[in-house]
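Below: one structure, written as structure tokens.
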Amino acid sequence: MKARTIEYQPGGGVRLIETAVADPAPGEVQVRAAACGICAWDLYTYRHGSDAPSAAPPGHEGVGRVVKVGAGVSGLAEGDAVVARGFATVHNVPAERALPIPDTGIPLERWIVEPVSCVVTGLDHTRARAGDRVAVIGCGFMGLMLLQGLVRSCVHHLAAIDVNRDRLALARRFGVDAVYHPDDAALAGEAPFDCVVDASGAQAGLDLATGMLAGGGVLNLFGWNHGRPSFNGDRWHLGGFTVVNSAPGSRIRNPFPPAIRLIAKRIIDLQPLITHTVPLDGYPDLLANVAAGDPGYIKGVVTLD
């Protein structure tokens, strides 16, 4: 069987290719993809190339339906919706990694589970206690999902900070208590925060987070700050901060099952966050537009069925 997928290019760019797909081996299922989310990691790889440090694989936020079941597989059947890999229109995957998606009426293109699993790890590492003051810096796709989760927690005060006021308006719709542009004078009037989540992945965000923390507070490094960011060692030491890395490799449990539950219960709702949906043929052009600075972009999804 032939499948279509993408291939990132050395030095930057992407092209569409065809691959051959065999029948699933014992212990595998074959999945016909329905959709795959576009990650900031994909955009990084598109810009810098498949030969760049930490280049992304060809998609990792996939969802689809089982079309064949290999020998020895139980618990999955043809037609089941599952979490499964990337942009390939058909692919085989170990059955234990094809996590079932419940039938909740939510369209499959909004079941982009992998980034929600990252948010679960980020939320776990906030260590937020009842009545805490929490801030999230960076209201991109991931930051907005973090806010969706935190607004349903029992923190006392939740603030969102971003340079894009349209995204701040969306955060306000989700129910956060305060929104700020970093230049807003009112931000300086905020009392220190017990936890600040830096979801910006930028030096300016890290500097701002350091200045907003209360003594003994938690600085949660969620965003991927490429390169060699710097920090104020005196402030971190004298402030007695606990600095945690909440990247996926720091997970303290398997975050996929709770991520599925959060989507099923609509605690994390991707509908207002997916701004661009394109078929596979439209993926290269969409990446080019986003790389050029599309101001309305939050999250893109490629539909594959």
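For the stretch 134-157, the set of residues classified as buried (at least 18 other Cβ atoms within 10 Å of the Cβ), aliphatic (A, V, I, L, M) and under 20 Å from the mean Cα position of the chain (by Cα) consists of VAL134, ALA135, VAL136, ILE137, MET142, LEU144, MET145, LEU146, LEU147, LEU150, listed by residue number. Name every residue in the stretch 14-53 that is outside any helix (DSSP H, G or I), in contact (Cβ under 8 Å) with a residue 60 or more places away in the chain and under 27 Å from TYR297 (Cβ atoms), in order of residue number. Across the stretch 14-53, the qualifying residues are VAL14, ARG15, LEU16, ALA33, ALA34, ALA35, CYS36, GLY37, ILE38, CYS39.
Only one of the numbered conditions (1) modelled with pLDDT under 95; (2) in a strand (DSSP E or B) is not met by HIS226, and that is (2). Criterion first (in contact with a helix residue (DSSP H, G or I) (Cβ under 7 Å, 6 or more places away or on another chain), without any contact (Cβ under 8 Å) to a residue 60 or more places away in the chain, under 16 Å from ALA135 (Cα atoms) and surrounded by 21 or more Cβ atoms within 10 Å (Cβ to Cβ)) does LEU221 satisfy it? So LEU221 does not fit the description; no.
Every residue, every condition in (1) among the acidic types (Asp, Glu); (2) touching a Phe, Trp or Tyr at 6+ places or on another chain (Cβ under 7 Å); (3) open to solvent by less than 30 Å² (accessible area, probe 1.4 Å), yes or no:
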{"residue": "SER50", "(1), (2), (3)": "no, yes, no"}
{"residue": "ALA56", "(1), (2), (3)": "no, yes, yes"}
{"residue": "ARG65", "(1), (2), (3)": "no, no, no"}
{"residue": "GLY70", "(1), (2), (3)": "no, no, yes"}
{"residue": "ARG85", "(1), (2), (3)": "no, no, no"}
{"residue": "LEU99", "(1), (2), (3)": "no, yes, no"}
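When the stretch 233-248 is filtered for residues that are open to solvent by 30 Å² or more (accessible area, probe 1.4 Å), in contact with a helix residue (DSSP H, G or I) (Cβ under 9 Å, 6 or more places away or on another chain) and not β-branched (Val, Ile, Thr), the ones remaining, listed by number, are ARG235, TRP236, ALA247, PRO248.
To keep it simple, each residue is scored yes or no on (1) at pLDDT 95 or above; (2) more than 27 Å from GLY249 (Cβ to Cβ); (3) surrounded by fewer than 23 Cβ atoms within 10 Å (Cβ to Cβ); (4) not charged (D, E, K, R).
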position: VAL90; (1), (2), (3), (4): yes, yes, yes, yes
position: PRO107; (1), (2), (3), (4): yes, yes, yes, yes
position: ALA160; (1), (2), (3), (4): yes, no, no, yes
position: ARG172; (1), (2), (3), (4): yes, yes, yes, no
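Residues that are among the hydrophobic types (A, V, I, L, M, F, W, C) and within 17 Å of the chain's Cα centre (by Cα) do occur in the stretch 209-223. The lone criterion from (1) open to solvent by less than 40 Å² (accessible area, probe 1.4 Å); (2) outside any loop (DSSP other than H, G, I, E, B); (3) not hydroxyl-bearing (Ser, Thr, Tyr) left unmet by LEU208 is number (1).
The values are calculated or read from the model by the stated rules, or taken from the named source; none is laboratory data. Predicted model, so just to flag it, every value in this text is computed and none were measured. Here the Cβ is made from the backbone with ideal geometry for all residues, glycine too, and neighbour counts use every protein chain on show. Note: accessible area is taken over every heavy atom of the protein model, side chains too, but ligands, DNA and RNA are not part of it. Shrake-Rupley method; radii C 1.70, N 1.55, O 1.52, S 1.80 Å.
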